[in-house]
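I have placed the structure first, in the form of structure tokens, so that the comments after it can refer back to it.
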Amino acid sequence: MKSTQLQSTEYALYYKPYIEALGDVELLSELQFSLKRFLDFLKSIPQEKYEYRYAEGKWTIKDIVQHLIDAERIFAYRALRIARKDQTSLPGFDENNYVNAAQANSRDFAELLEEFELVRKTTSILFKTFTQEQLTQLGIASEKSVSVRAIGFICIGHQSHHEKIIRERYLN
């Protein structure tokens, strides 16, 4: 399953930049490859940058990693529910409330990285279990139609989006 095989009807318009930025990648291999690349990148960041904010009210790098952990858990849950043909409309979530409540800046950076790695590995394993039929199953999340396979690519694209922000706004 490649990202270029997705139809625009399989995800909300606001995810289009995440999907398009991936290029032509295969879902299962990119879930794993992007994890290694991202962890290597995060480990290269100087410690004094972990709690840096480039502007008042902006998240720190620790906050971003925690946000990626929380969002990926929610995305994986959505994929599971939709793959199992649960037609319940799944609610959205307020990412800022999650970040504020998580208090990532009081956590050890290495533990955040370990948690992100474990969450991604479980996401990868979950997606390996889905059949082709399940991957194309559609459901409703945040009041928008989404396929299981699109959710997998959204996880990857979401991570890449935040990596780009860290590179551009936190490390220059």
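Please state which one of E72, E115 is surrounded by 13 or more Cβ atoms within 10 Å (Cβ to Cβ), closer than 23 Å to A150 by Cβ and not β-branched (V, I, T).
After ruling out the rest, the residue left standing is E72.
Testing I64 on (1) touching a His at 6+ places or on another chain (Cβ under 6 Å); (2) among the β-branched types (V, I, T); (3) not in a helix (DSSP H, G or I), one condition comes back false. Which one is that?
(3)
Starting from segment 131-155, take each residue that is over 17 Å from E72 (Cβ atoms) and list its partners that are basic (K, R) and open to solvent by 10 Å² or more (accessible area, probe 1.4 Å), counting only C-beta distances under 7 angstrom and pairs at least six apart or across chains.
L135/R149; T136/R149; Q137/K85; G139/R81
Considering only segment 124-172, state which residues are open to solvent by 60 Å² or more (accessible area, probe 1.4 Å), assigned to a helix (DSSP H, G or I), in contact with a helix residue (DSSP H, G or I) (Cβ under 8 Å, 6 or more places away or on another chain) and over 26 Å from D63 (Cβ atoms).
Result: K128, single match.
Looking at (1) touching a residue at least 60 places away in the same chain (Cβ under 8 Å); (2) under 28 Å from Y170 (Cβ atoms); (3) surrounded by fewer than 17 Cβ atoms within 10 Å (Cβ to Cβ), which is the only condition L28 fails?
All conditions pass for L28, except number (2).
I'm checking my understanding of the structure. Among residues of segment 75-112 that are exposed (fewer than 15 other Cβ atoms within 10 Å of the Cβ) and of a type in the set (G, A, S), which one is nearest to G57 (Cα to Cα)?
Filtering first and then ranking leaves A101.
Suppose we filter segment 38-51 for residues that are open to solvent by less than 90 Å² (accessible area, probe 1.4 Å) and either free of Cβ contacts under 8 Å to residues at least 24 places away in the same chain or over 11 Å from E117 (Cα atoms) (or both); how many remain?
8
The values are calculated or read from the model by the stated rules, or taken from the named source; none is laboratory data. All of these numbers come straight from a predicted model, not from anything done at the bench. Counting neighbours? That spans all protein chains shown, and the Cβs are built from the backbone with ideal geometry, glycine included. These area figures cover heavy atoms from the full protein model, side chains too; ligands, DNA and RNA do not enter into them. Shrake-Rupley method; radii C 1.70, N 1.55, O 1.52, S 1.80 Å.
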